[in-house]
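Accompanying notes for the structure given below.
Nothing in this text is a laboratory measurement; each read-out follows from the coordinates by a stated rule. None of the values given here were measured: they were computed from a predicted structure. When we count neighbours, we look across all protein chains shown, and the Cβ atoms used for this are built from the backbone with ideal geometry, even at glycine.
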Amino acid sequence: MKSKLLINIIFLLVLSGIASAAIEQDNVIINSKEWKDVYSSMVFANLNGKKSSFILSANYATIILNNIPKGASVLAISSRGSPYIKGYKTIMDSNGYQGAEIVVDNANLELATRLDTSITKFIIIDDKYGYNAISVASYAAVSKSYVLFANSVNINEIVNYLNGRKIDNIIIFGQVDRAVKDALSTFNPETINKGDRFDNNLAITDKYLLYKDVHQAIMTNGEFIEESIMNGDNPVIFIGKSNVPDSVKEYIKKSNFQVAVLIGNELVGPATSIKRQLGISVFVKFAQGARNPAGSIATVEDLDKFPMPKYQVSISIADIKYNTATKQLEVTYQNDQDLAAYILPTLTVKFDNEEHIVDTGEEPFFLDGREVRTIPYSFNFTNGIPENANVTLYVLFGEAPKSLEFAYQGERELSFVNVIDDSEIQIIGVVYDKSKKRFEVEIENTKDIDTYVSGEVTNLLVNGEYKNYGSDTITHLLPLKKATIYVKSPDFEEADFGTNEIINVRMFYGQRERSLIKIVAGEYKFVLAKGQYLVYGIIVILLIIMILLFVLGKKKR
């Protein structure tokens, strides 16, 4: 390994003979293809002081036993619906291991019922966000807390379970369904949700350090389960796949961490960035000793890593051109997934052997799922239009404004157009249709020109979290005509109405369907569509009639 490398690579060889001597007698083996079963079983094992490991394929059924001394007691936790191998107790017996097998339908809640009464702390998360489970894992271990997966379907079961236990503390971590918050309110829970998974992760790291003051941290991205992530020896800090968010860099800079251990070599790039910028030692844990070695030379294996659900964000650059009429660089961004993204670009124009940075602003912009948007940037070729020019792009993007963990890099040849866009629209009003769960923005084309329009509603407070919503389609607005732009907001509920008295709206428009380079925005009072008031009026009248009939009926008696 060359000395110039900034990351020290630790070849972590856990040789079978050495490892066996250090392993405790009580062991848990998890036999399930479901990450929630694996995670819950490992949390359960930690709370009971047992070492745990998981099967990753049918072949692992016997290989994994090589880490456990012969005759040791083993508890196998197997999924009824999705095990890697059925009848695991038979395999344990035939290989000389004592113990038992329990078969579960839902490991998370079933294992919770087996917890000792001394466990009085619980962390509630939504299993839609697998990375939240990884974020709280080390804190759960060090604080002796059990992690429960709660959603609108199973919340009654969760509440019934909690009502039967002594509760000292409940933490709701990250975003959960509205029904979960309402049902758990009687327990007076602590809530950690800053609207950003990296900030949430740093908040739970702060709580970990109140229990255990350490100078070493685990680095990962929340996409897999691995033993050292779960055991609580060190806090877990998230870094991005291609970029380390600024909030994470600042946190590490101000902390007392002297060493970071990167789990897996997929994140060497951002870990190198931390090493260079912050000066802490970074080690990579990427391998283990072979549990079934063959030959005289011991071989190595990959780490045991169980995959978690991923938040897949992906963007591309559909077009780049320079409009000589407006002196603007027009970049068309495309969201390739159904999930919303936030984008912060850095653009450099190269011509005549010189490089010029384009002012793209300091704040990321919102791009809804599958949305295509053209953003114009002012740029002036001071010595006239060159014959050839290229644009280099370095675009950070992610699921939230402060979670820009991915990066797009590329270079494009610049094409030139000469277009004057004379289109003009105005926003007439905004109403919300409760029955269709959408905002309806009425607009008017004030010019005798065909115009194309899309729009978005921004900074809407939904279930305690700020969200943006974009229109699904681009609307063709005929000359001097009106139209309605529909912006769906599927999780915006009546409970949110009172916290959103003002609705922020932005319309993107232009003469070219693929180049909506103009913007009109405004703030509007929250108003229900007229039909909604009619429905409410009818309901009120019916209630009054029913009350009157009830009262008159009692008088007749």
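Taking only the C-alpha atoms, wrap a convex hull around segment 390-440 and report its volume per residue in Å³ as a whole number. Working shown, then result.
Working: hull volume 9.3 nm³, N = 51.
So the per-residue hull volume is 182 Å³.
Using the Cβ atoms and a cut-off under 13 Å, what net charge is assigned to the surroundings of L184, where Lys and Arg are +1 and Asp and Glu are -1? Walk me through the numbers on the way to the answer.
Numbers: positive: R178, K181; negative: D126, E157, D177, D182, E190.
That works out to -3.
To the nearest 10 degrees, how steeply does helix 268-278 sit against the main Cα axis of the chain, on a 0 to 90 scale?
The answer is roughly 80 degrees.
Short version: ³J(HN,Hα) in whole Hz for each residue of segment 417-429, in order, from phi by Karplus 6.51 cos²θ - 1.76 cosθ + 1.60 (θ = phi - 60°), x for Gly and Pro, what are they?
Values per residue, Gly and Pro as x: 10, 9, 9, 9, 9, 9, 5, 8, 10, 9, 8, 8, x Hz.
Based only on other Cβ atoms within 10 Å, what is the fewest-to-most ordering of M92, M42?
Values: M92 23, M42 29.
Ranking M92, M42 by Cβ neighbours within 10 Å, fewest first, gives M92, M42.
What is the sum of charges, Lys and Arg at +1 and Asp and Glu at -1, for the other residues whose Cβ falls under 10 Å from the Cβ of Y486?
Details: positive: K436, R438, K488; negative: D433, E440, D472.
Net of charged neighbours comes to 0.
Run down the lysines and flag those whose C-alpha is under 27 Å from the C-alpha of K86, throwing out any fewer than 8 positions away in its chain.
Partners within reach: K33, K36, K50, K51, K70, K305.
Hey, which aspartates and glutamates would be in cross-link range of K488, C-alpha to C-alpha under 13 Å, not counting anything within fewer than 8 residues on its own chain?
D368, D433, E440, E456, D472
Along each of its three principal axes, how wide is the spread of alpha-carbon positions in the chain, in whole angstrom units, largest first?
Computed over the Cα atoms, the extents are 98, 86, 42 Å.
How compact is segment 253-370 by the rule of thumb for globular proteins, expressed as Cα Rg over 2.2 N^0.38 Å? Don't skip to the answer; put the middle values down first.
Numbers: Rg = 22.1 Å, N = 118, 2.2 N^0.38 = 13.5 Å.
Its radius of gyration relative to the 2.2 N^0.38 Å reference: 1.64.
Indicate the gyration tensor shape class of segment 315-417 (rounded, prolate or oblate), computed on the Cα atoms with a ≥ b ≥ c the square roots of the eigenvalues: a/c under 1.5 is rounded; otherwise a/b larger than b/c is prolate and the rest oblate. Spell out each step's value before the answer.
Details: a/c = 2.21, a/b = 1.93, b/c = 1.15.
Prolate shape, in that a/c is at least 1.5 and a/b is the bigger ratio.
Can you tell me the orientation of helix 35-47 relative to the chain, as the angle in degrees between its alpha-carbon axis and the longest Cα principal axis, to the nearest 10?
50 degrees
Give me the percent of DSSP beta bridges within the chain that run antiparallel, rounded to the nearest 5.
Working: 84 of 132 bridges.
Of the beta bridges lying entirely in the chain, close to 65 percent run antiparallel.
Students often forget the sequence filter, so: which lysines lie under 20 Å Cα-Cα from K518 once same-chain residues fewer than 8 apart are removed?
Output for K518: K321, K327, K447, K481, K482.
Run a plain Debye calculation on segment 425-526 (Cα atoms as equal point scatterers, no solvent) and give log10 I(q)/I(0) at q = 0.11, 0.17, 0.21 Å⁻¹, rounded to two decimals, same order as the q list.
-0.32, -0.71, -1.01
Across every pair of different alpha-carbon atoms, what Kirkwood hydrodynamic radius in Å does segment 77-224 reach? Display every interim value, and only then the final one.
Working: mean 1/r = 0.0588 Å⁻¹.
Computed over Cα pairs of segment 77-224, the Kirkwood hydrodynamic radius comes out at 17.0 Å.
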